[in-house]
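The values are calculated or read from the model by the stated rules, or taken from the named source; none is laboratory data. From a predicted model like this one, the values you see are computed outputs, not experimental measurements. All Cβ positions, glycine included, derive from the backbone under ideal geometry; neighbour counts span all protein chains shown.
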Amino acid sequence: MILRRLFGGGDPPAPELPVVRNITIGRGVQLDTLAWRRLQGTAFTLDRDTLEIVAQGRITLDDGGGHVHRFYTQDDIMLQAVSASADGHDADDFTLFIPWSSAYPRAGERAGFEDRLQQARWDEPDVGTFGRFWYPGDDGPQPPVRLWEAVHEARSGPPARHIEQACMLYSRDLGEDSELLLAIAMKPERGELTHEIMIGVPLAPGELSA
C-alpha cells in the first residue's frame with residue numbers, strides 16, 4: 001500500500017524538510033492540554049504542554065493518500081500530521097502519540113504479533129479493547145499497512161535512518177471523544193525488529209501551535 005521513498009544521499013543534496021504549521025526540528029510545539037485532560041478513563045498521560053522537536057519523519061503514501069509528517073521529542077513522543085501536499089501546507093489531520101510499550105520479540109513472537117495486526121480488535125493489557133480504525137465496517141482479517149519512514153535529525157541533508165514498519169491503527173470511544181492505539185512492528189535498516197505500542201489522542205488544528 002505504501003512505497004518506500006529515499007531522500008538525499010546523492011547530488012544535488014536533499015531539499016530542506018517541510019515546515020508544517022511552523023513545526024520542524026529545533027522548534028517547540030505548544031499544546032492545549034485539555035485535549036487529553038477532558039478524556040475519562042484514558043491511558044494517555046503527558047506531564048507537559050510543550051514539545052521540543054529533535055527529529056522529523058517523512059512518509060509518502062503510494063495510494064494517493066498523501067504524505068505523513070512525524071515530529072519526535074527526545075523521549076519518543078510523536079506528533080503526526082497528514083497532508084495531501086508534500087510540503088504539508090494543507091495538513092489538517094493531527095494526532096499526538098506517547099510510547100506505551102516496546103519489546104524485542106523472540107523468534108516465536110514475531111508471527112503472533114503480525115497475526116494480531118490483522119485482527120479487527122486489539123486487547124491491550126492495563127488499557128482496554130480497541131476496534132480497528134482502518135478498514136471501517138470490515139470485521140475480518142486485513143493486512144497491516146507497510147511503509148518506510150525516512151527519519152531526519154537535521155533540517156537539511158539525507159535522513160539519519162530509514163525504518164520499515166508494519167502497523168495498524170485502532171480506536172475506542174471515551175464518551176464523546178476517542179483514544180487511539182498504534183501497533184507497529186518496526187525494523188530500522190541495519191537494526192533489530194521491535195514491537196511498539198503507542199497511545200494517542202486526536203488534536204484539532206487549534207490545539208497546537210509553534
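Summary table below
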read-out	value
Scan of the stretch 73-121 for residues that are hydrophobic (A, V, I, L, M, F, W, C) and assigned to a helix (DSSP H, G or I), ordered by number	A107, A111, F113, L117
Set R155, R172: member being touching a Ser or Thr at 6+ places or on another chain (Cβ under 9 Å) and at pLDDT 95 or above	R172
Subset of the stretch 94-123 that is touching a Leu at 6+ places or on another chain (Cβ under 7 Å) and under 30 Å from T50 (Cβ atoms) - its residue that is surrounded by the most Cβ atoms within 10 Å (Cβ to Cβ)	L96
Wholly enclosed strands (runs of 3 or more DSSP E) of the stretch 123-191 bearing at least 3 residues within 23 Å of D62 (Cα to Cα) and out of contact with any helix residue (DSSP H, G or I) (no Cβ under 8 Å at 6 or more places or on another chain)	145-152, 161-174, 177-188
Single match in D126, D138 (criterion: at pLDDT below 95, surrounded by fewer than 11 Cβ atoms within 10 Å (Cβ to Cβ) and on the phi > 0 side of the Ramachandran plot)	D126
Odd one out for L17, checked against (1) part of a strand (DSSP E or B); (2) over 20 Å from S178 (Cβ atoms)	(1)
Residue match in the stretch 30-47 (condition: surrounded by 18 or more Cβ atoms within 10 Å (Cβ to Cβ), of a type outside the set (V, I, T) and either in a strand (DSSP E or B) or out of contact with any strand residue (DSSP E or B) (no Cβ under 7 Å at 6 or more places or on another chain) (or both))	yes
Complete set of residues in the stretch 181-192 that are of a type outside the set (G, A, S) and under 17 Å from the mean Cα position of the chain (by Cα)	L181, L182, I184, M186, K187, P188
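The rows are residues; the columns are (1) within 17 Å of Q80 (Cα to Cα); (2) not small (G, A, S).
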{"site": "D139", "(1), (2)": "no, yes"}
{"site": "Q142", "(1), (2)": "no, yes"}
{"site": "A150", "(1), (2)": "yes, no"}
{"site": "E153", "(1), (2)": "yes, yes"}
{"site": "A160", "(1), (2)": "no, no"}
{"site": "G175", "(1), (2)": "no, no"}
{"site": "E189", "(1), (2)": "no, yes"}
{"site": "E196", "(1), (2)": "yes, yes"}
